[in-house]
Amino acid sequence: MKYDLRKMLQLVAVARAGSFSRAATQLHITQPALSRNVAAIERELGVKVFDRGRGGASVTTVGSLVVAEIETLLEYANRLDHNLKHFGSGDAGNITFGLGPMVGSLLLSDMAIDFLEKRPGLHLRPVIMSAPELLRELLNHHIELFVCGREQLPEGEQIAIEAIASIPIARIVRGDHPLATRPSVSADQVLAYPVLSGVELPPALSAGGEVICDNYHILRDTVQRCDGVWLTTPRMVQAELAAGTLVVLDMAGDESVTATEICLVHRQGYSLSPAAQHVRHFVRQFLLAPG
C-alpha cells in the first residue's frame, strides 16, 4: 500500500489527544475531514484503530500496535526529511539550538560576534533553558542540538551525547567577604553562608539560604553585593577575579565540586546540519581554549 504520511500523522494526533475534536483543533482542520481521513486509513489497514464514543476516541488493543508502528515510521520520515534538507555549506539559513544557562552566559556573546562576522547570512536562534527543558525541545524537534553539563543529562537511546570539555567549578565570593582572606576554607565554614547557583543543589551543598537563578549575569551582580557563596566556573568572572572584586575560595582539599563536563547533545541517528556543525566547532574551540 502507499502510505499517506499526512493522514498517518493525523491518526497519531487523535491517539495522543484521545479525541477527534481536540486533534482537529490542534491540526487546524475540520473534525469531519479528520474523521474521514482516519476512517480511510482503518479501511486500508483492515484494522479498527479507535473505539468511538461520547467520551472521545479510545485506542483499541490492536490499534495501539498500529499507532506504535506509525509513530516509528513518522520518526524515520522526520529523520530523512531533516538529513536531506541540511546539505550545504551552513553559511546561510537558520539554526535553532539550545544552551544550558551557565554555558549560554559563558560563550553566547562571543559566539554571536563570531558568527555575525564570519557567517552573516546565518540566522542564529539560541534557546537558553535547563537541561530537562532542552531535552524536551530536542525530542519534539524544536531545536537541533544543545549544550549543557553532563550531570544534568539522563541516559537514553534517543539521544547522542558527545563530551566536549571539562571546565573548572569553584566557590566564589566578593573580595571583602569574611571568608575571602582565609588561606583555606572548610565545607562547614562555607555552609554558614547562603549559596548562589544556577541549578538545584543537593542538601549537602546548601544547608543555609540559597538563590537558584538561571541568569548568571544576575548571580554575578548579586554575589558582589552580599555574603553569598557562588558556585560557578571562574571563567565566568575572569575580569572580576583579576581586579580582586571577586575571590575564589581555597576549599582545603574539598573535591566535592571541582569541575563539570560540558556535552553536546543531539538526536540519535540524525545528521548534524552544516550550520549545527559550525556551532559545535565554535563551542569546542571556545571551551578548549586556555583560560
Among the acidic types (Asp, Glu) and closer than 15 Å to Arg174 by Cβ, is that true of Asp221? yes
How many residues, within segment 198-208, are part of a loop (DSSP other than H, G, I, E, B) and either over 16 Å from Ile169 (Cα atoms) or among the aromatic types (Phe, Trp, Tyr) (or both)? 2
Name the residue, out of Arg22, Arg54, that is surrounded by 15 or more Cβ atoms within 10 Å (Cβ to Cβ) and farther than 30 Å from Leu145 by Cβ. Arg22
If a residue counts only when it is surrounded by 15 or more Cβ atoms within 10 Å (Cβ to Cβ) and outside the structural domain of Leu241 (by TED's automatic domain parsing), which helices (runs of 4 or more DSSP H) contained entirely in segment 82-197 have at least 3 such residues? 101-118, 131-139
Test Ser186 against the stated conditions and say whether it is farther than 28 Å from Leu264 by Cα, hydroxyl-bearing (Ser, Thr, Tyr) and modelled with pLDDT under 95. yes
Single condition Val59 does not satisfy, out of (1) at pLDDT 90 or above; (2) in contact with a strand residue (DSSP E or B) (Cβ under 7 Å, 6 or more places away or on another chain); (3) more than 20 Å from Asp4 (Cβ to Cβ): (3)
Quick check, is Tyr76 exposed (fewer than 15 other Cβ atoms within 10 Å of the Cβ), hydroxyl-bearing (Ser, Thr, Tyr), farther than 18 Å from His142 by Cα and at pLDDT below 85? no
Which condition breaks for Val211 when tested against (1) part of a strand (DSSP E or B); (2) closer than 15 Å to Val195 by Cα; (3) touching a residue at least 40 places away in the same chain (Cβ under 8 Å)? (3)
Kindly list, by first and then second residue, each pair from a residue in segment 246-275 that is without any contact (Cβ under 8 Å) to a residue 60 or more places away in the chain and polar (S, T, N, Q) to a residue that is surrounded by 14 or more Cβ atoms within 10 Å (Cβ to Cβ) and assigned to a loop (DSSP other than H, G, I, E, B), limited to pairs with Cβ atoms under 9 Å and residues at least 6 apart or on different chains. none
Of all residues in segment 23-48, how many are in a loop (DSSP other than H, G, I, E, B) and either in contact (Cβ under 8 Å) with a residue 60 or more places away in the chain or within 12 Å of Lys7 (Cβ to Cβ) (or both)? 1
Selection within segment 49-72 - part of a helix (DSSP H, G or I) and within 17 Å of Phe20 (Cβ to Cβ): Gly63, Val66, Val67, Ile70
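Conditions tested, residue by residue: (1) of a type in the set (D, E, K, R); (2) touching a Ser or Thr at 6+ places or on another chain (Cβ under 8 Å).
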residue	(1), (2)
Glu71	yes, no
Ala77	no, no
Asn94	no, no
Met102	no, yes
Glu137	yes, no
Among residues of segment 219-232, those that are exposed (fewer than 14 other Cβ atoms within 10 Å of the Cβ) and closer than 14 Å to Ser105 by Cα, counted: 1
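The values are calculated or read from the model by the stated rules, or taken from the named source; none is laboratory data. As the structure is a prediction and not an experimental result, all values here were calculated from the model. As a convention, Cβ positions derive from the backbone with ideal geometry for all residues, glycine included, and neighbour counts pool all protein chains shown.
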